[in-house]
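Below is one structure; the comments refer to it alone.
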Amino acid sequence: MGLLNSVSFQRLQGGIDAANKRQSVLANNVANVDTPNFKRSDVSFESFLQQQESGIKPTLSAKVTDSRHFQFGTNRIVPAAVVSKDETTSMNNNDNNVDVEREMALSAENQLRYSTYVEQMNSQISMMRAVIQGG
């Protein structure tokens with residue numbers, strides 16, 4: 001197993017990917033603020049990861065080659081970011097549901113998440129470097 005293939009790195013990479021996708025979706029929402037009948041989209045990732053962490057999805061798994069083997073190990077599957085469209089609301093007379101102020105606030109929150117993911121990944125890399133170099 002490579003050093004950068006750990007579950008924590010995979011989850012951080014999933015978070016970074018989700019933040020990138022979310023930024024594109026939010027920018028698309030803002031770009032279409034005046035488009036008639038446009039419905040905003042959003043990206044879900046953290047809630048799926050939290051469900052996985054809290055045990056809603058099975059957390060233990062193993063490759064079993066014999067029926068007498070015990071199943072063990074951790075679930076290495078990182079949930080994928082899912083884009084969903086809000087078809088139920090309308091903000092304007094033209095059936096558009098984009099609120100620019102809300103989208104900008106969500107964009108700022110997304111930037112903080114992205115920065116946090118990158119900071120955590122850098123911290124883990126620094127710890128590994130210290131261990132490898134012995135100092």
Item to complete: Scan the stretch 18-42 residue by residue and report those that are within 17 Å of the chain's Cα centre (by Cα), buried (at least 16 other Cβ atoms within 10 Å of the Cβ) and assigned to a helix (DSSP H, G or I).
Response: ALA18, ALA19, LYS21, ARG22, GLN23, VAL25, LEU26
Worksheet item: From THR74, THR89, which residue is open to solvent by 70 Å² or more (accessible area, probe 1.4 Å), of a type outside the set (D, E, K, R) and at pLDDT below 90?
Response: THR74
Item to complete: Answer yes if at least one residue in the stretch 43-55 is among the hydroxyl-bearing types (Ser, Thr, Tyr), open to solvent by less than 60 Å² (accessible area, probe 1.4 Å), modelled with pLDDT of 80 or more and under 12 Å from the mean Cα position of the chain (by Cα), and no otherwise.
Response: yes
Worksheet item: Is it the case that the stretch 92-104 has a residue that's open to solvent by less than 60 Å² (accessible area, probe 1.4 Å) and under 16 Å from the mean Cα position of the chain (by Cα)?
Response: no
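The values are calculated or read from the model by the stated rules, or taken from the named source; none is laboratory data. These numbers come from a predicted model, not from an experiment. Cβ: placed from backbone, ideal geometry, glycine included. Neighbour counts: every protein chain shown. We work out accessible area using only protein heavy atoms, side chains counted, and drop any ligands, DNA or RNA first. Shrake-Rupley method; radii C 1.70, N 1.55, O 1.52, S 1.80 Å.
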